[in-house]
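Some notes on the structure that comes next.
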Amino acid sequence: MTRIEKWTHNSFQNEIVKFARLNGWKCQYWWKSYHSPKGYLDLVLVRYPRHIKAELKIPPDKVSPEQQEWIDVWKQFKDIEVYVWTPDQWDEIIRILSRK
């Protein structure tokens, strides 16, 4: 069940970051994507020994070809978890970020 009735990309990202920080994660995201590589994923979350890269989507938005390229690159690293998260996955996101 989602916490917010009508999610926007910003509200979704803000809630994830807020929860992650409360659970000891260091969070990196880009306020504006002007100067980041095209398609770079939305969030970098690190809490030893875990490292997460996450792309956030509000349906009907889909992963772009450039984002898929980044996802494919990051998935080659066995120690990096890569996710595409949507608001309907809120309970799963909480579970993932709560895990040690």
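Read the figures in this text as sums done on the coordinates, not as results from a lab. Quantities reported herein were computed from a predicted structural model and do not represent experimental measurements. A quick note on method: Cβ atoms are made from the backbone with ideal geometry, for glycine too, and the neighbour counts reach across all protein chains shown.
Summary of computed values
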{"read-out": "The chain - percent relative contact order, Cα under 8 Å, separation 6 or more", "value": "30 percent"}
{"read-out": "Table column - 3J(HN,Hα) (Hz), the range 51-59, Karplus curve with 6.51, -1.76, 1.60, x for Gly and Pro", "value": "9, 10, 10, 9, 9, 10, 9, 9, x"}
{"read-out": "Segments 38-46, 72-80, 54-62 sorted - mean Cβ within 10 Å per residue, highest first", "value": "38-46, 54-62, 72-80"}
{"read-out": "Sum of -39500 (n - 2.57) over DSSP H runs of 4+, divided by residues of the chain (222 nm, nearest 500)", "value": "-10000 deg cm²/dmol"}
